[in-house]
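> Can you read through this structure? Questions will come right after.
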Amino acid sequence: GFDLASESIVAWAYGKSKKELILNFYKNMVANHNKWGCQLPAEVECESSLNSSFTDSFLQDGAMFEHVTMYTNNARSKRVERFFRELRYDPEFEKSRMGWIGRPFAKDETNQEG
């Protein structure tokens, strides 16, 4: 996960199930902020497909974050998508590295396989 204010990667996770992935992600975020002596961000933007089962617990406004914005099937609405795009397709980062896999149906032809 990215912190939009600092443009830093602040959390990462792996999970075999969707629930395990999300729980590991938020655990990692809390652990990292604690280790670094930083407060958690005031706001979080997330996709409902991954996070909707937690809207009655830690992902409600005022619980873990002051404000929670959840997007339904519209990943491009999230401000963080700009950072993902830069990491994935900018020649300085992943795209120029051996093993980069293009997306066959990418709107930008330079990001397609080939």
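The values are calculated or read from the model by the stated rules, or taken from the named source; none is laboratory data. Small disclaimer: the values here were computed from a predicted structure and weren't measured. Positions of Cβ are backbone-derived with ideal geometry, glycine not excepted, and every protein chain shown enters the neighbour counts.
> For the stretch 12-62, give me each residue that is in contact with a strand residue (DSSP E or B) (Cβ under 7 Å, 6 or more places away or on another chain) and of a type in the set (D, E, K, R).
Glu43, Glu45, Glu47, Asp61
> Select from the stretch 1-17 the residues that are surrounded by 15 or more Cβ atoms within 10 Å (Cβ to Cβ) and modelled with pLDDT of 85 or more and list them in ascending order.
Residues satisfying the conditions are Val10, Ala11, Ala13.
> Restricting attention to the stretch 3-30, report how many residues are within 13 Å of Phe83 (Cβ to Cβ) and among the hydroxyl-bearing types (Ser, Thr, Tyr).
Let us first name the residues in the stretch 3-30 that are within 13 Å of Phe83 (Cβ to Cβ), namely 3-10.
Next, from what is left, pick out any that are among the hydroxyl-bearing types (Ser, Thr, Tyr): 6, 8.
Number satisfying all stated conditions: 2.
> So, in the stretch 1-44, exactly how many residues are outside any loop (DSSP other than H, G, I, E, B) and touching a residue at least 40 places away in the same chain (Cβ under 8 Å)? Before the answer, list the steps.
Step one: of the stretch 1-44, the residues outside any loop (DSSP other than H, G, I, E, B) are 2-3, 8-9, 18-36, 43-44.
Checking the rest, the ones that are also touching a residue at least 40 places away in the same chain (Cβ under 8 Å) come to 2.
Looking only at that region, the number is 1.
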